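Heads up: the structure comes next, in structure tokens.
The values are calculated or read from the model by the stated rules, or taken from the named source; none is laboratory data. No experiment lies behind these values; they were computed from the predicted model shown. In this analysis, Cβ positions are derived from the backbone assuming ideal geometry, glycine residues included, and neighbour counts consider all displayed protein chains. The area values use the complete protein model at the heavy-atom level, side chains included, leaving out ligands, DNA and RNA. Shrake-Rupley method; radii C 1.70, N 1.55, O 1.52, S 1.80 Å.
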Amino acid sequence: MALYLLYESSSGYALFNAHGLDEIGQDTEAVRSSITDLNRFGKVVKLAAFNPFASALDALNQCNAVSEVEFGLDLLSFDCFVGLMTEELRSFLELNLPKVKEGKKAKFSLGVAEPKIGSHIYETTKIPCQSNEFVLELIRGVRLHFDRFIKDLKPSDLEKAQLGLAHSYSRAKVKFNVNRVDNMVIQAIFLLDTLDKDINSFSMRVREWYSWHFPELVKIVNDNYLYAKVTKYIENKSELSEDKIPGLTEILGDEDKAKEIVEAAKASMAICLRVMDLSEYRRKLYDYLVSKMNDIAPNLASLIGEVVGARLISHAGSLTNLAKCPSSTLQILGAEKALFRALKTRGNTPKYGLIFHSSFIGRASARNKGRMARYLANKCSIASRIDCFSELNTTVFGEKLREQVEERLDFYDKGVAPRKNLDVMKAAMESAQNQDGEMDIDDETADVASTKSKKKKSKAEVSADETMTNGLANGDASEDPKKDKKKKKEKRKLAEEQAEAPESMDEDTHVNAEVGTAKKKKKSSNAVDGEDAEPVTEGKKKKKKSKGKGEE
């Protein structure tokens with residue numbers, strides 16, 4: 001029975017005819033050993049047909065169709081196909097394969113790499129397909145020598161086609177959007193978790209393997225990163241000497257430990273460098289995540305932290321989806337399994353999900369963790385909506401919301417009453433508007449300040465002149481506290497004398513009309529300094545008596 005091979009490359013569909021299999025035999029090992037030799041393999045497998053893709057977009061569509069998952073129409077059987085046969089592929093196969101007469105068995109079979117797509121081809125075109133180790137080895141040989149089978153196809157052209165198709169396919173799969181970069185945050189947090197697992201597993205492997213050579217080092221150095229750097233620096237403990245103590249001190253930061261290592265022994269492995277590189281890459285990725293979170297969700301990041309905020313965005317699917325979630329959903333986001341298990345068994349529902357990793361939940365007491373989770377979810381929901389729908393890129397709201405959460409913690413622990421939410425939000429709005437308007441006002445205030453300072457100087461000079469003239473008109477207006485006391489005593493004496501010899505009201509009104517507020521101060525000061533003055537007449541004394549009565 002003739003055997004045809006279907007090979008999907010980045011340049012197009014290719015159909016190969018495998019003949020003369022009796023010379024090699026149906027042995028997988030024999031085929032595996034023969035595919036590396038092109039002269040021997042080329043006698044068995046020959047190109048039958050080749051259909052190149054029309055464009056890069058056509059190649060992407062064909063690749064998506066081949067890799068797409070589709071479920072069968074029979075829902076009870078749950079048939080699943082890991083690929084769809086396009087019209088282009090169907091016409092290519094029907095045109096280049098022998099015709100199968102109705103009611104007769106085909107005298108050939110089609111070898112494919114994926115058995116699911118083979119079953120789909122058989123159901124659609126009744127072309128018999130097979131996929132086994134023997135066919136996979138033959139397709140591997142075709143992939144190895146593909147550029148030799150196609151004329152005028154250079155290896156560099158094939159590599160460019162593979163690279164372009166890979167980039168296009170990857171962008172389509174991750175749904176890359178240049179306008180919204182929250183997908184980068186989702187991918188970054190996934191990669192961060194994967195790197196943590198890889199670093200831990202690699203570090204444990206380093207410790208396990210290197211301990212066979214230098215078991216004492218595990219007890220001396222506890223940190224995984226420092227352990228990898230030390231093993232890389234030591235390499236072979238037999239070559240370790242006191243000359244390497246300064247280098248070990250620079251790595252560990254402790255000379256005593258360096259001497260202890262020299263006394264114990266030395267060593268390293270190639271995987272240590274991998275651990276160091278992954279740790280360094282993990283640090284850079286974390287910095288990238290922090291910067292992206294400050295750009296996308298600054299208020300959520302300042303409220304609950306960059307890592308927990310990124311986990312919430314990743315679990316919700318996007319920042320918009322997180323903003324649409326109510327606070328009750330956000331509270332148990334990440335604990336769906338526990339929630340449905342509790343609903344099924346009628347047990348207690350979970351109180352928190354991903355927000356449990358926040359420091360606020362850990363700081364709350366056991367009886368207040370549920371309340372704190374509910375309050376924190378409320379504030380996270382507000383922060384995510386501000387970040388998603390607000391045009392201002394500021395962290396003012398996140399900082400104010402964080403202050404509210406801190407006050408709520410104090411309220412649960414110490415009973416201190418927190419501020420009202422309305423007052424806090426008003427203060428946040430004012431500070432956000434001031435922060436946004438500072439950049440616009442800075443240039444204007446510089447010019448206005450200079451003009452205002454000139455006006456103030458001129459006003460100050462005018463006011464100084466006025467005070468000088470008033471001072472000259474009123475005399476010594478300033479009085480000491482001692483003079484005030486003397487003035488009060490004098491008023492009392494005048495009141496007593498007035499009771500004996502009252503004066504007429506006409507004379508009083510005449511005196512009060514002539515003397516203003518400034519002259520009152522002058523007369524009081526003259527009364528105090530009366531020791532040096534000449535003796536006054538009786539008329540003047542009477543006037544003073546009437547004045548004292550009017551002042552009282």
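With the simple spin-label model, which puts each label point 7 Å out from Cα in the Cβ direction, the Asp223 to Asn61 separation comes to 5.7 nm. For Glu242 and Ala48, a Förster radius of 60 Å and the Cβ-Cβ distance give a FRET efficiency of 0.25, rounded to the nearest 0.05. For the stretch 102-159, applying the loop criterion from DSSP together with a ceiling of 16 other beta carbons within 10 Å to the trypsin sites (Lys or Arg not before Pro) yields Lys104, Lys105, Lys107, Lys126, Lys151.
Only Cα sites of the stretch 329-368 enter the Debye sum here, all with the same form factor; the resulting log10 I(q)/I(0) across q = 0.14, 0.15, 0.28 1/Å is -0.33, -0.38, -0.93, listed in q order. Remark: the stretch 312-321, residue by residue, has Karplus-estimated 3J(HN,Hα) of 5, 5, 5, 6, 6, x, 5, 5, 5, 5 Hz, where x stands for each Gly or Pro and the curve is 6.51 cos²θ - 1.76 cosθ + 1.60 at θ = phi - 60°.
Express in Å², to the nearest 10, the accessible area of Glu407 obtained by rolling a 1.4 Å probe over the protein heavy atoms while all chains stay in place. For Glu407, the solvent-accessible surface is approximately 40 Å².
Compute the distance from the alpha-carbon center of the stretch 120-167 to that of the stretch 407-435, in whole Å. First find each Cα centre; the distance between them is then 65 Å. Between Ala30 and Arg148, what FRET efficiency follows from the Cβ-Cβ distance if R0 is 25 Å, with the result rounded to 0.05? E between Ala30 and Arg148, to the nearest 0.05, is 0.75.
In the structure shown, the pairs Lys219/Lys259; Lys292/Lys400; Lys229/Lys257; Lys379/Lys426; Lys173/Lys379 are assessed against 23 Å; a Cα-Cα span above that value is assigned to Lys173/Lys379. Quick one: if the Förster radius is 56 Å, what FRET efficiency do Glu216 and Ser156 give, using the C-beta to C-beta distance and rounding to 0.05? It comes out at approximately 0.55. Rounded to the nearest Hz, the phi-derived 3J(HN,Hα) couplings of the stretch 241-256 under the Karplus curve 6.51 cos²θ - 1.76 cosθ + 1.60 (θ = phi - 60°) are 9, 6, 5, 8, 4, x, x, 5, 5, 5, 6, 8, x, 9, 6, 5, where x marks glycine and proline. Along the axis of the charge dipole computed for the stretch 143-247 (Cβ charges of +1 for Lys and Arg, -1 for Asp and Glu, origin at the Cα centre), the listed residues Asn224, Phe202, His213 are led at the positive end by Phe202. The amide H of Ala335, built 1.01 Å from its N in the peptide plane, has Leu354 as neighbours under 5 Å, considering only residues 5 or more places off or on other chains. Computed from label points 7 Å out along Cα-Cβ, the spacing between Glu407 and Arg371 is 1.6 nm.
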